[in-house]
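Visitor: The structure under discussion is supplied below as structure tokens; questions concerning it will follow.
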Amino acid sequence: MARVTLTQYLLEQQRSHYKVSPGLRLLIEVVARACKMISHHVNKGQLSGIGDVVGNTNVQGEAQKRLDVVANEVLVEANEWGGQLAAMVSEEMDGPYIVPNRYPRGQYLLLMDPLDGSSNLDVNGTVGTIFSVLRYQDDDREPEERSFLQPGSSQVAAGFALYGPSTVLVLTVGNGTVGFTLDKELGSFVMTQPSIRIPEDTSEFAINASNARHWEPPVKRYIDECLAGKTGPRERDFNMRWVASMVGDIYRILCRGGVFMYPRDAKRKDGRLRLMYEANPMAFIIEQAGGAATDGVNRLLDLQPTALHQRIGVVMGSKNEVERIASYHQD
Ligand code: F6P
């Protein structure tokens, strides 16, 4: 079977489907190259002290680990000079990083969570990089925070790399969701899932159950009904999984269905995950694979962001389950 690389896929999207401009294609290739470098660092594990706390706190108030910092630097350095970007924002930086004047300024904005799930670093668990791309709309003005505050439906591409037993890259450019696996001998991402489809129904859910006492009634009702199994209202048994890195949980759902929830609750009234760096890119990927993504009630991609580091409640995955949870909220 002929192997299709990421480059070939992107060229095909550019030439035949007009989904990707030459600039966007180059930008995605550079992000993918940076992900290969991050994958290399992750693989070194404790040999290079990747999970050591470096003593800084990021804008989210979380202690940064060595690899959080390294992954952010790798992405910034790889992307600043290529001429496709006007600015970047990252979960690890307070404000926008404007492309320095010595480099040409492009028409896109890059948003990234350089190392998602970094609490898994100490235990050699799955971590990843999430990214998305927006158009830079005010190209006569200096980019600023406001330039990034576009609803998720404006994203032109989104993806994530998962650094697990193998390194995987999942991508959407608005024409379905595709998966690639890194062939380390060739150094290329090779297409391994040409068209990912999430089953509409599922019997598997992912939630951090230690927060149960804080949950709002609709979430509690949904989980209680799942736990009641065959003899409960759902009349079937459910399974539970929690990787504690969003990339790991979402990748599983892309592979075999399921619902992922980090809802807002009495303790985290605004939710836990970030709208711009986690929720929106994943919502685009999930919808393009036939799933649904909400904040519990509203479609995530319709929300107008109000701040770069805004948090949000998240319910995403198999369509019928996500809709059921929304209907419980409406009840
Ligand atoms: O935002 C970071 C993150 O690590 C997500 O990737 C993951 O889903 C979640 O936090 C894990 O949260 P908890 O620490 O509550 O299990």
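Visitor: Return yes or no: is Ser147 polar (S, T, N, Q), surrounded by fewer than 22 Cβ atoms within 10 Å (Cβ to Cβ) and either part of a strand (DSSP E or B) or within 14 Å of the ligand (Cβ to nearest atom) (or both)?
Guide: Answer is no for this residue.
Visitor: Which one is least open to solvent (accessible area, probe 1.4 Å) among residues in the stretch 265-282 that are more than 18 Å from Gly159 (Cα to Cα) and more than 13 Å from the ligand (Cβ to nearest atom)?
Guide: Ranking the qualifying residues of the stretch 265-282, first place goes to Ala266.
Visitor: How many residues does the stretch 106-155 hold that are free of Cβ contacts under 8 Å to residues at least 24 places away in the same chain and not aliphatic (A, V, I, L, M)?
Guide: So the answer is 6.
Visitor: Also, quick follow-up: Within the stretch 294-307, is there a residue that is within 19 Å of Asp116 (Cβ to Cβ), within 13 Å of the ligand (Cβ to nearest atom) and assigned to a loop (DSSP other than H, G, I, E, B)?
Guide: Taking every residue of the stretch 294-307 in turn, none turns out to be within 19 Å of Asp116 (Cβ to Cβ), within 13 Å of the ligand (Cβ to nearest atom) and assigned to a loop (DSSP other than H, G, I, E, B).
Visitor: Just the residues that are of a type in the set (A, V, I, L, M, F, W, C) and not in a strand (DSSP E or B), please, taken from the stretch 188-204.
Guide: Listed by number, the residues that qualify are Ile196, Ile198.
Visitor: Collect the residues in the stretch 31-64 that are under 19 Å from the mean Cα position of the chain (by Cα), in a helix (DSSP H, G or I) and either surrounded by 17 or more Cβ atoms within 10 Å (Cβ to Cβ) or outside the structural domain of Asp94 (by TED's automatic domain parsing) (or both), keeping them in residue-number order.
Guide: Matches in the stretch 31-64: Val31, Ala32, Ala34, Cys35, Lys36, Ile38, Ser39, Val42.
Visitor: Additional query: Can you find a residue in the stretch 106-125 that is open to solvent by 30 Å² or more (accessible area, probe 1.4 Å) and either touching a Leu at 6+ places or on another chain (Cβ under 8 Å) or outside the structural domain of Leu11 (by TED's automatic domain parsing) (or both)?
Guide: No, the stretch 106-125 contains no residue that is open to solvent by 30 Å² or more (accessible area, probe 1.4 Å) and either touching a Leu at 6+ places or on another chain (Cβ under 8 Å) or outside the structural domain of Leu11 (by TED's automatic domain parsing) (or both).
Visitor: Continuing with this model, one more query. Mind listing just one residue for me: the one in the stretch 231-264 that is open to solvent by 30 Å² or more (accessible area, probe 1.4 Å) and near the ligand (Cβ under 8 Å from one of its atoms) and, of those, nearest to Gln60 (Cα to Cα)?
Guide: Ala244
The values are calculated or read from the model by the stated rules, or taken from the named source; none is laboratory data. Since the model is a prediction, treat every value here as computed from it, not as a measurement. When we count neighbours, we look across all protein chains shown, and the Cβ atoms used for this are built from the backbone with ideal geometry, even at glycine. Areas reflect the complete protein model, heavy atoms only, side chains present, ligands, DNA and RNA absent. Shrake-Rupley method; radii C 1.70, N 1.55, O 1.52, S 1.80 Å.
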